[in-house]
Amino acid sequence: MHTLSAFVRKEFHHILRDRWTLIILLVTPIIMLVLIGFAMTTEVKGTTFMVVAPERDVSTSELVQILSQSVYFTFAGYLPDEQAIDSALRQGMAGLIVVFPSHFASDRTNTGTSSVAVITDGSDPNTAKTLTNYASAIMLGWAQKQNTTIQNTLSIGIETRLLYNPAMKGAYNFVPGVLGMILLLICAMMTSISIAREKESGTMEILLSSPMQPVVIILAKTIPYFFLSCLNLVTSLAMSMTVLGVPVRGSWVALICVSLLYIFVGLLLGVMISTIANSQLVALLVSGMGLMLPVMLLSGMMFPIESMPFPLRLISHIIPARWYVSAMRKVMIKGLGFGSILTELTVLACMSAVLLVISLKKFKPRLE
Amino acid sequence: MNAIIASNLTKKFGSFTAVDHISFDVSEGEIFGFLGANGAGKTTAMRMLTGLLKPTEGKALVAGFDIKKQSEKIKANIGYMSQRFALYGDLTISENIRLFGGIYGMDAKLIAEKRDRLLDELHLKEEKDSLVSRLPLGWKQKLAFSVSIFHEPKIVFLDEPTGGVDPAARRRFWEMIYAASEQGITVFVTTHYMDEAEYCNRVSIMVDGRIEALDSPHALKTRYAASSMDEVFQMIARKATRTAD
Amino acid sequence: MLRYLVQKEFLQIRRNPFLPRMILMFPMMILLVLPFAANFDIKNINLVVVDHDESMLSERLVKKIESSGYFRLAGYCHNDSDALGMVELGKADTILEIPYGFDKDLGKGSVPEVLISADTVNGTKGGLGSAYLTTVIQDFSADLLQEIQPISGNRKSLITIESQYRYNPYLLYPNFMIPALMVIGLLLITGFLPALNIVGEKESGTIESMNVTPVRKLTLILSKLIPYWVIGFLVFSFMLVLAYFVWGLAITGSLLALYLAVLLFVFTISGFGLIISNYANTYQQAMFMMFFFVMIFDFLSGLFTPIASMPEWAKIISYASPLRYMIEVLRGVYLKGCTISDLKGQYLPLGVLMLLFNSWAIISYRKNS
């Protein structure tokens, strides 16, 4: 016990001495949360739109007016003709163009219908769809109001209820993901680099040839990062609750349990990586490329897993972050308790058991 | 003619004075030993002389150039071998030689000729295309020294060149240093092996950042009535208050 | 002198056990794996239906929804709380509740009301999901109307909306993501790797060997950057070719404009890498610093979400991100047929950033520490 605490203290000294890294480690989750929470939304407001209207009349002006009255659009002027549309979009002068045909008003009186074209820059599909939906809904709403003669005998009323996140804040979706990534970063990457550094400097050999059990060595290496992760967990949760307004609606006990389990898995991953890495650079590259990238992409933290093709969906099952993110979403945002996250807990527990066995087996023989 | 003239050279790091107003001269062609315990300030002093560090006070002329204002000219005229024998481990012997020769402005044909001659002398001809990292320590050391004088500089600075090598290998290394000195290269060498001091023309002993003794080994032994430089050093170093780095 | 140093760098890169493999893997991953994953497209929305009516009409509605292609029917529930349970467990994303009397009410001429509940933990998914569902239901009622009241005279108030999506008419996500991802690849190779290289020399001490030689500051820095510039260009061109053969993505704008931007970008980014290598003394520090900045650049450069939707402070920071301009260039040249004159608004800021970063790098590089 005495040796263990001496070693843990030495590890803490190492960490504290590298001030830059420590600062970055503690500050990164906060910054990520702020960035993702505030800057990453797909809601577009105040998009500039322009209009092509060869014949301007009451109806076209009315439509232009109600569009610009909406919070989503800002009127930026009329374009002379359809040729001007391309350069307006390309140079970013407008995000949406409404084109009225030449006989808009008279068409409607004569044939009963007319068409309006809504043109957007399709580069960003979701934004394009969203903007088009907004504009269409507004214009169709106007048309409906104009109608006095049609019997709306076959209309279906629709009430929409938005669950859990009625304000549709992007933060709700991302915060669990950010937590998952940061905790993994600290636990896996830093642990593996720390052990690899010992190997590189040769002091690992000394440790292993001492009567200290390999388990104790592993513990000594992982405990400081365990504390760092807990610290980060607390600050991140505090940040997301206060600044981002993402509440923890569900059971705190469940949240803490699954977080601790995840941290444990992360630490074991770090140990395992260190058993195959003989130098810091390798540990860094493996945990960086081999862990961070898949986690960012396949954990469901940013991109919905359901939209991915089958092979990628399959791979995402072995990424611990995926289960953590899913559990945290259920507990934090949907307000659920233990019962709902049993699958995630079981999977994470199995992963940690497997990793523990592998790490213990590979640890001592490695240096022979 | 003096290859190196140092006068009141000082280096302070905050409130810590690593090198404390040292003054000395080194004549051309001399083998000058810069001795002292670990932490005495030798490496810091040498880094100032090679233009790697700017002095806090004092001045020095190396190969006739001022270390503060003409450090680039100094670099063109000196060779250097650092404590860590730093040659590029992932380059071959031949590639390392070509690189350093090229940096000092030697033309390709000359580099090739000298390289072949050098490798012959060192009996490393077959290893020409081996990676330096594969060489045993003793070979790396000799190679690093040869590379440091490859461009025939006026002065060569050696920072603890024989660390971690057995006594026999160390003696062979010093034979190489003699050979260089005979060619007219001034050798400025720091070491904490006191027996190597016997090989130098003159030595200085640094204690706590100051030069406490400066003379030929013979004269020092006589003055301190000692039979070896080691004894001389013990007597002088007993006054030391600083411990190792 | 420069020639020898550049030669040495290339040799070292080739001999490194990891680097060449990584350099090849980057473009592969970026073009062959990432686009599949980095996809904000909403598909396969799981729908659970609570059908109190269980009539032919309600069945018809559900069938229509299923055939729309957006939704996957996850099942039927008897009541709202069961359905909510499925949403809680993540088995369903949307609930459609059809009231009792749906069929009869429509026949009578009164307006039955359905309830759409959407899981908006993922706001985009919830929003688009309920929008799609709404559209399908509206179409359904239009279909019914058609059957009973074919086109009659008094429909003056109808307008149809034709939507046109320029530059990416089929709204393909890869078209949006891949050009941007190529920029990330370039960032890693020309910014990240040289920085790691220099820090590596610091860690092994070989940098001291260089510092004592007559090699000038500028020469040394150039020798470290040139190999990665060359590699960066080659890899980028390789990615262009790969994008064409794998995804059918071809440049619609000016190739010259593109390479001009690449030149500016590479110079800018490698300057940035240099700054980091000046401040970091170990691999770990370098890695974390780079990670930190790459993260900020990634999120604020319009890679994933549009800059237009960001709050003011984020937009201001994004002006300092070289990635932002480069991504705009790439999307512009790939999708919008941009030429040199169209991209003035990108070249200029990139040029400014390039001067800024490189000056800072040169000043902070201390050969005599």
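For segment C:206-218, indicate whether the set of residues that are part of a helix (DSSP H, G or I), more than 9 Å from every other protein chain (Cβ to nearest Cβ) and surrounded by 18 or more Cβ atoms within 10 Å (Cβ to Cβ) is non-empty. No: segment C:206-218 contains no residue that is part of a helix (DSSP H, G or I), more than 9 Å from every other protein chain (Cβ to nearest Cβ) and surrounded by 18 or more Cβ atoms within 10 Å (Cβ to Cβ). The combined condition, being of a type in the set (V, I, T), farther than 15 Å from A:P176 by Cβ, facing chain C (nearest Cβ under 8 Å) and surrounded by 17 or more Cβ atoms within 10 Å (Cβ to Cβ), is not fulfilled by A:V347. Hey, among A:L63, A:L35, A:L26, A:L89, which residue is crowded, with 17+ Cβ neighbours inside 10 Å, more than 28 Å from C:K125 (Cβ to Cβ) and either under 37 Å from the mean Cα position of the chain (by Cα) or at pLDDT 85 or above (or both)? Step by step, each of A:L63, A:L35, A:L26, A:L89 is checked, and only A:L63 is crowded, with 17+ Cβ neighbours inside 10 Å, more than 28 Å from C:K125 (Cβ to Cβ) and either under 37 Å from the mean Cα position of the chain (by Cα) or at pLDDT 85 or above (or both).
Listed by position, the helices (runs of 4 or more DSSP H) enclosed by segment A:1-116 that each have at least 3 residues that are on the phi < 0 side of the Ramachandran plot and within 7 Å of another protein chain (Cβ to nearest Cβ) are A:19-34. Please pick out the residue among C:D82, C:D51 that is within 16 Å of C:A118 (Cα to Cα) and either outside the structural domain of C:T134 (by TED's automatic domain parsing) or acidic (D, E) (or both). That would be C:D82, the only listed residue that is within 16 Å of C:A118 (Cα to Cα) and either outside the structural domain of C:T134 (by TED's automatic domain parsing) or acidic (D, E) (or both). Screening C:V266 against (1) surrounded by 23 or more Cβ atoms within 10 Å (Cβ to Cβ); (2) free of Cβ contacts under 8 Å to residues at least 40 places away in the same chain; (3) more than 30 Å from C:T124 (Cα to Cα) leaves a single unmet condition, (2). Residues in segment C:315-328 that are surrounded by 20 or more Cβ atoms within 10 Å (Cβ to Cβ) and either at the interface with another protein chain (Cβ under 10 Å from one of its Cβ atoms) or acidic (D, E) (or both): 2 in all. Scanning segment B:36-61 for residues that are within 12 Å of chain C (Cβ to nearest Cβ), touching a Ser or Thr at 6+ places or on another chain (Cβ under 8 Å) and in a loop (DSSP other than H, G, I, E, B) yields B:G51, B:L52, B:L53, B:P55. Any residue at all in segment C:313-335 that is in contact with an Asp or Glu (Cβ under 8 Å, 6 or more places away or on another chain) and either closer than 25 Å to A:W20 by Cα or among the charged types (D, E, K, R) (or both)? Within segment C:313-335, one or more residues are in contact with an Asp or Glu (Cβ under 8 Å, 6 or more places away or on another chain) and either closer than 25 Å to A:W20 by Cα or among the charged types (D, E, K, R) (or both). Of the residues making up segment A:237-263, those that are buried (at least 21 other Cβ atoms within 10 Å of the Cβ) and closer than 12 Å to A:L348 by Cβ are A:V258, A:S259, A:L261, A:Y262, A:I263. Which of the residues that make up segment B:93-127 are among the charged types (D, E, K, R) and at the interface with another protein chain (Cβ under 10 Å from one of its Cβ atoms)? Within segment B:93-127, B:E95, B:R98 meet the criteria. With a requirement of 1 or more residues that are touching a His at 6+ places or on another chain (Cβ under 8 Å), the strands (runs of 3 or more DSSP E) lying completely within segment B:174-229 that satisfy it span B:210-215. Per the listing A:S316, A:S240, the residue uniquely under 27 Å from C:L188 (Cα atoms) and among the hydroxyl-bearing types (S, T, Y) is A:S316. Exactly one residue out of B:K154, B:K140, B:K109 is more than 26 Å from C:N16 (Cβ to Cβ) and under 22 Å from the mean Cα position of the chain (by Cα), and it is B:K154. Screening segment C:30-45 for residues that are part of a helix (DSSP H, G or I), aliphatic (A, V, I, L, M) and facing chain A (nearest Cβ under 8 Å) and picking the one that is nearest to C:V136 (Cα to Cα) gives C:A37. Take C:G332 and tell me if it is surrounded by fewer than 23 Cβ atoms within 10 Å (Cβ to Cβ) and either assigned by TED's automatic domain parsing to the domain that holds C:S277 or in contact (Cβ under 8 Å) with a residue 40 or more places away in the chain (or both). Considered against the rule, which asks whether it is surrounded by fewer than 23 Cβ atoms within 10 Å (Cβ to Cβ) and either assigned by TED's automatic domain parsing to the domain that holds C:S277 or in contact (Cβ under 8 Å) with a residue 40 or more places away in the chain (or both), C:G332 comes out as no. When B:S23, B:S15 are screened for being modelled with pLDDT under 90 and over 21 Å from B:M81 (Cα atoms), only B:S15 passes. The set of residues in segment A:38-60 being exposed (fewer than 14 other Cβ atoms within 10 Å of the Cβ), of a type in the set (D, E, K, R) and within 35 Å of the chain's Cα centre (by Cα) consists of A:K45 alone.
Does C:V241 fit the bill of being surrounded by fewer than 22 Cβ atoms within 10 Å (Cβ to Cβ) and either outside the structural domain of C:Q285 (by TED's automatic domain parsing) or farther than 30 Å from B:I74 by Cβ (or both)? Answer is yes for this residue. Of all the numbered requirements in (1) surrounded by 15 or more Cβ atoms within 10 Å (Cβ to Cβ); (2) facing another protein chain (nearest Cβ under 9 Å), A:I341 misses one, and that requirement is (2). Taken over segment C:2-28, the residue count meeting the criterion of being away from chain B (no Cβ under 14 Å) and modelled with pLDDT under 80 is 3.
When you check A:M308 against the structure, is it within 14 Å of another protein chain (Cβ to nearest Cβ), aliphatic (A, V, I, L, M), under 25 Å from C:L128 (Cα atoms) and without any contact (Cβ under 8 Å) to a residue 12 or more places away in the chain, yes or no? Criteria met by A:M308. Within segment C:357-369, restricting attention to residues that are crowded, with 16+ Cβ neighbours inside 10 Å and out of contact with any Lys or Arg (no Cβ under 9 Å at 6 or more places or on another chain), the residue that is modelled with the highest pLDDT is C:F357. Residue-level analysis places C:S55 outside the set of residues that are surrounded by fewer than 16 Cβ atoms within 10 Å (Cβ to Cβ), within 14 Å of chain A (Cβ to nearest Cβ) and either more than 25 Å from A:L312 (Cα to Cα) or touching a Leu at 6+ places or on another chain (Cβ under 6 Å) (or both).
If the condition is being charged (D, E, K, R) and in a helix (DSSP H, G or I), then segment C:75-104 contributes C:D80, C:D82, C:E88, C:D103, C:K104. For segment A:323-340, the criterion of being under 30 Å from A:E200 (Cβ atoms), among the β-branched types (V, I, T) and either modelled with pLDDT of 85 or more or part of a helix (DSSP H, G or I) (or both) is satisfied by no residue at all. Quick check on segment B:13-28. Is at least one of its residues aliphatic (A, V, I, L, M), under 13 Å from B:I155 (Cβ atoms) and touching a residue at least 24 places away in the same chain (Cβ under 8 Å)? The answer is yes; a qualifying residue exists.
The values are calculated or read from the model by the stated rules, or taken from the named source; none is laboratory data. The model shown is predicted, which means the values in this text are computed figures rather than measured ones. FYI the Cβ positions are ideal-geometry reconstructions off the backbone, even for glycines, and counts take in every protein chain you see.
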